[in-house]
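Just below is one structure, and these are the notes that go with it.
The values are calculated or read from the model by the stated rules, or taken from the named source; none is laboratory data. What you are looking at is a predicted structure, and each value in this text was computed from that prediction instead of being measured. Virtual Cβ from ideal backbone geometry, glycine too; neighbours counted across all protein chains shown.
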Amino acid sequence: MAEVIAAQREKVGLITYKATEAEIAEQLPENVITGHFNDTRGRNLGEVVDALILAGRTLPSERES
């Protein structure tokens, strides 16, 4: 999905799980900026991208639920 959107946009942001980011980051086009949940504070990814993809969701830890 990120590759299809990246082909149509100048800059794309992709926020996903940390393990997923590490696994796919090198396979994505150069115009895709990646980040993972709980590590986006202060990065302002939304200001520099034309499209933002959120793949997944944050969940509370088992201790918090």
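In segment 42-59, what count of residues is obtained for those that are under 17 Å from Ala19 (Cα atoms) and without any contact (Cβ under 8 Å) to a residue 40 or more places away in the chain?
Our first condition is that a residue be under 17 Å from Ala19 (Cα atoms); within segment 42-59, this holds for 53-59.
With the extra rule that they be without any contact (Cβ under 8 Å) to a residue 40 or more places away in the chain, the set shrinks to 54, 57-59.
So the answer is 4.
In the set Ile24, Ile5, which member is in a helix (DSSP H, G or I), surrounded by 14 or more Cβ atoms within 10 Å (Cβ to Cβ) and in contact (Cβ under 8 Å) with a residue 40 or more places away in the chain? Being in a helix (DSSP H, G or I), surrounded by 14 or more Cβ atoms within 10 Å (Cβ to Cβ) and in contact (Cβ under 8 Å) with a residue 40 or more places away in the chain holds for just one of Ile24, Ile5, which is Ile5. Scanning segment 8-21 for residues that are surrounded by fewer than 15 Cβ atoms within 10 Å (Cβ to Cβ) and among the aliphatic types (A, V, I, L, M) gives a single hit, Ala19. So which residues in segment 27-47 are modelled with pLDDT under 90 and surrounded by fewer than 12 Cβ atoms within 10 Å (Cβ to Cβ)? Residues satisfying the conditions are Asn38, Asp39, Arg41, Gly42, Asn44, Gly46, Glu47.
Taken over segment 38-65, the criterion of being over 19 Å from Ile5 (Cβ atoms) and either not in a loop (DSSP other than H, G, I, E, B) or not charged (D, E, K, R) (or both) is satisfied by Asn38, Gly42, Asn44, Thr58, Leu59, Pro60, Ser61, Ser65.
Conditions tested, residue by residue: (1) more than 13 Å from the chain's Cα centre (by Cα); (2) β-branched (Val, Ile, Thr).
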residue: Ala22; (1), (2): no, no
residue: Val32; (1), (2): no, yes
residue: His36; (1), (2): no, no
residue: Glu47; (1), (2): yes, no
residue: Leu52; (1), (2): no, no
residue: Pro60; (1), (2): yes, no
residue: Arg63; (1), (2): yes, no
